[in-house]
1. Return yes or no: is Ile194 in a strand (DSSP E or B) and at pLDDT 95 or above?
2. Quick one: which of Val163, Val183, Val158 is touching a residue at least 24 places away in the same chain (Cβ under 8 Å), on the phi < 0 side of the Ramachandran plot and surrounded by fewer than 15 Cβ atoms within 10 Å (Cβ to Cβ)?
3. I want to confirm something. Restricting to the stretch 47-81 and keeping residues that are without any contact (Cβ under 8 Å) to a residue 24 or more places away in the chain and within 15 Å of Gly31 (Cα to Cα), which single residue is surrounded by the most Cβ atoms within 10 Å (Cβ to Cβ)?
4. Touching a Leu at 6+ places or on another chain (Cβ under 6 Å) and assigned by TED's automatic domain parsing to the domain that holds Ser154: is that true of Asp81 in this structure?
5. Within the stretch 141-166, how many residues turn out to be in a strand (DSSP E or B) and over 13 Å from the mean Cα position of the chain (by Cα)?
6. So, in the stretch 127-138, exactly how many residues are among the acidic types (Asp, Glu) and part of a loop (DSSP other than H, G, I, E, B)?
7. From Asp81, Asp109, Asp138, grab the single residue that is within 30 Å of Gly40 (Cβ to Cβ) and within 14 Å of the chain's Cα centre (by Cα).
8. If the requirement is being out of contact with any helix residue (DSSP H, G or I) (no Cβ under 6 Å at 6 or more places or on another chain), outside any loop (DSSP other than H, G, I, E, B) and surrounded by fewer than 20 Cβ atoms within 10 Å (Cβ to Cβ), which of these qualifies: Tyr111, Tyr124?
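The values are calculated or read from the model by the stated rules, or taken from the named source; none is laboratory data. Keep in mind that this is a model prediction, so the values were computed, not measured. As a convention, Cβ positions derive from the backbone with ideal geometry for all residues, glycine included, and neighbour counts pool all protein chains shown.
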Amino acid sequence: MSVRWMMAVVAMVALEMTAARAQLVWYDSGGFEAPVFSPGVLNGQDGWVSAPGGTSGDWARVVVAPEPTMGGQAVRLEVGDSQGDYSVMERSIPDPLAAGWKVVIVTFDIYRIGPRQKQNLWWYWFDSGEPTYGLQWDLSNATHPFGWNPGAGSTPTVFDQYVTLKMMWDFNQMKAYSWYNGVLVDNGIPITGISTLTGWGIVLAHDAASGTGADTVWIDNFAIHVVPEPASVVALAGGVLALMGVRRRRTG
């Protein structure tokens with residue numbers, strides 16, 4: 001078999017592997033942009049549910065510039081200065097695990113006001129198990145993508161700019177991974193007890209005592225992706241080997 005033929009085979013396999021591992025969209029907010037989203041209360045838009053709570057928590061709202069957005073629009077969560085205030089956004093999704101997907105990725109962008117955060121921002125699957133929640137914690141001014149789940153890590157929160165949070169659950173390995181601001185935070189902590197993934201929530205909560213400060217957070221570009229199983233790579237590899245055998249027989 002010629003070197004050129006071998007290089008072509010390697011290129012074919014690499015291309016197929018790349019395609020097989022490409023992410024597929026499970027849900028994408030599209031940056032909370034028009035025409036799907038309109039400025040105002042998020043509740044009821046594109047399947048999202050939002051609610052205010054406490055004395056002075058506000059509805060999650062779709063906002064435009066001059067508020068910080070990564071496009072034309074983003075979602076604002078806002079609480080007053082009373083313990084128990086909250087502002088929440090939630091969305092149900094078809095369960096990717098029930099559909100047979102084994103790798104699920106959640107990403108969204110967060111804007112926090114510095115020089116330090118006053119209250120906690122939480123995010124979570126609706127479902128039980130570990131790790132299914134994380135937060136930006138006011139006491140540490142750090143981002144904990146998987147909260148205080150066993151083995152979970154953290155990194156300093158970035159302020160006054162949008163920063164991407166990415167979390168991946170790999171049910172083939174039963175490991176979870178996370179990145180914040182492009183930095184790997186969790187490198188394969190154990191997944192236990194998760195059997196469904198039916199929806200996602202984000203809530204700004206005034207968990208500290210009253211008088212510790214009002215707070216506002218902006219969320220943009222929320223998306224959930226799934227990753228196909230690389231079974232097609234195996235099939236392709238088998239096909240390539242068969243072709244190589246045919247070529248050897250023809251040229252032998």
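1. Working: in a strand (DSSP E or B): no; at pLDDT 95 or above: yes.
Criteria not met by Ile194.
2. On the way: Val163 fails: surrounded by fewer than 15 Cβ atoms within 10 Å (Cβ to Cβ); Val158 fails: surrounded by fewer than 15 Cβ atoms within 10 Å (Cβ to Cβ).
Result of the check over Val163, Val183, Val158: Val183.
3. Looking only at the stretch 47-81, we keep the residues that are without any contact (Cβ under 8 Å) to a residue 24 or more places away in the chain, and these are 61, 65-66.
Among the residues that remain, those that are also within 15 Å of Gly31 (Cα to Cα) are: 61, 65.
Working: Arg61: 20, Ala65: 10.
By that ranking, first place goes to Arg61.
4. no
5. Residues of the stretch 141-166 that are in a strand (DSSP E or B), as a first pass: 142-144, 155-156, 162-166.
Next cut, over 13 Å from the mean Cα position of the chain (by Cα) only: 142-144, 155-156, 162.
Matching residues across the stretch 141-166 total 6.
6. First pass over the stretch 127-138, keeping only residues among the acidic types (Asp, Glu): 127, 130, 138.
Filter once more, keeping what is part of a loop (DSSP other than H, G, I, E, B): 127, 138.
Total satisfying the criteria: 2.
7. Values: Asp81 fails: within 14 Å of the chain's Cα centre (by Cα); Asp138 fails: within 14 Å of the chain's Cα centre (by Cα).
Result of the check over Asp81, Asp109, Asp138: Asp109.
8. Values: Tyr111 fails: surrounded by fewer than 20 Cβ atoms within 10 Å (Cβ to Cβ).
So the residue among Tyr111, Tyr124 that is out of contact with any helix residue (DSSP H, G or I) (no Cβ under 6 Å at 6 or more places or on another chain), outside any loop (DSSP other than H, G, I, E, B) and surrounded by fewer than 20 Cβ atoms within 10 Å (Cβ to Cβ) is Tyr124.
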